[in-house]
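The values are calculated or read from the model by the stated rules, or taken from the named source; none is laboratory data. Nothing here was measured: the structure is a model prediction, and the numbers come from that model. Here the Cβ positions follow ideal geometry from the backbone for every residue, glycine too, while neighbour counts run over all protein chains shown. Accessible surface is based on the protein model in full, side chains and every heavy atom, while ligands, DNA and RNA are left aside. Shrake-Rupley method; radii C 1.70, N 1.55, O 1.52, S 1.80 Å.
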Amino acid sequence: MGTNGSTMLEPLRQGLPPLDPAAVSNAASCALPARYEAVREARQFTGRTLDQWDLGDRFDDVCLVVSELVTNALRHALPAPAPLIGEQIPPVRLHLMRWTERLVCAVRDPSDDSPVARDSDDFSAESGRGLFLVDSFSDSWGWHPLAGTLGGKVVWALFLLPTPHSSE
């Protein structure tokens, strides 16, 4: 799902909450440096944010997915190290957005290349299972290219949250 141009917008129509910022009940984001330690920073940021939103019970699944999305962005979406010392690599950015019954984790990166899900049958492989894990632990995932001056893409994962119970 979400791996080519013909299917990438379908998950947006079927599962991603409206992109209207006024409809988001909570949102948080952080820029991540172009180094692998950023995965740990993304997990810590996610844990703090989920605790603030009283969603700590979703920590394991959400942090696993965030780790995979950030790792993929760092591994596959950043340009090769720049030969010029002063040149900056565009950062990866993690966004967490909460609606009443949905949580979206989105990772923005500078690459225009679509994410590629590898064959999930090879469980002995040392890498290449990231999107399989994202698909397994989230309720839906997808990606879309960014338009305008930003460039790059956003890869997102959706988590359905329990419906709040009304007071009796």
Extending each Cα 7 Å along its Cβ direction at residue 75 and residue 161, get the distance between those two points in nm, one decimal. 3.0
Ordering 160, 74 by how much accessible area each has at a 1.4 Å probe, largest first, what is the list? 160, 74
